[in-house]
Structures are given as C-alpha cells and as structure tokens.
Amino acid sequence: MTRSLAVELAPEGIRVNGVAPVMGETALLETFMGQPDTPENRKRFLATIPLGRFSTADDIAGAALYLASDDAALVTGAILEVDGGRTI
C-alpha cells in the first residue's frame, strides 16, 4: 500500500512512507508476544533482536521525524524498519 500510494501521490508532491517498529515496552507487549509477559519470555524475544532491546517511543518518533523532514525530501515508498536489526 505504501508503494502504491507513493506512486499515485508523487505527481502531487506528496511522499508516502512507513515505519515498521519492533515491539516496544507498552501495555500491548503481551498481546504482541502472544504469550505471558514474563522475564523468561522477554529474554527469549529479546534474543531475536540483534541490538538487544525493545523499541521506545523516542525511537519511533525519531524515525517519523526523519521521514517528515527535508532531509528525506527524496524518500518515498519506503518502509523504515526500526527494529534493532530483527529483520536482517
């Protein structure tokens, strides 16, 4: 959808991008893990993230601010994975 919208809206000068975060320590963590939020389950999930931590609101905000900035003026149709290297 991101790429389709990026192509469709580019002639209007509108850029479309997405942010794909790794799980963060929020009230929904247990739901996203699909198992109880225990120290053991957190440790097991964190082992799948090369940088070894969950995302924070600041991590996601920083990515969104970059994509909304003039520094990303030529970026469109991209998905910025803010996942600590999990999808590598």
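Derivation of every value follows stated rules applied to the coordinates shown; laboratory data play no part. Note that the coordinates shown come from a computational prediction; the quantities given were computed from them, not determined experimentally. Cβ: placed from backbone, ideal geometry, glycine included. Neighbour counts: every protein chain shown.
What residues have an amide H closer than 5 Å to that of GLU81, excluding those fewer than 5 places away on the same chain, when H is modeled at 1.01 Å from N in the peptide plane?
Sorted by chain and number, the residues that satisfy this are ALA20.
Mind checking which of ALA73, PRO11, THR31 is farthest towards the positive end of the range 2-82's charge dipole, using Cβ charges of +1 (Lys, Arg) and -1 (Asp, Glu) about the Cα centre?
THR31
Roughly how many nanometres apart are two label points built 7 Å out from the Cα toward the Cβ at ALA10 and ILE79?
The modelled label-to-label distance comes out at 1.9 nm.
If each Cα of the chain is one equal point scatterer, what is log10 of I(q)/I(0) from the Debye formula at q = 0.13, 0.20, 0.26, 0.27 Å⁻¹?
Results for the chain at q = 0.13, 0.20, 0.26, 0.27 Å⁻¹ read -0.53, -0.92, -1.23, -1.28.
Could you give the dipole magnitude of the chain about its Cα centre, charging the beta-carbon of Lys and Arg +1 and that of Asp and Glu -1, in debye to the nearest 20?
300
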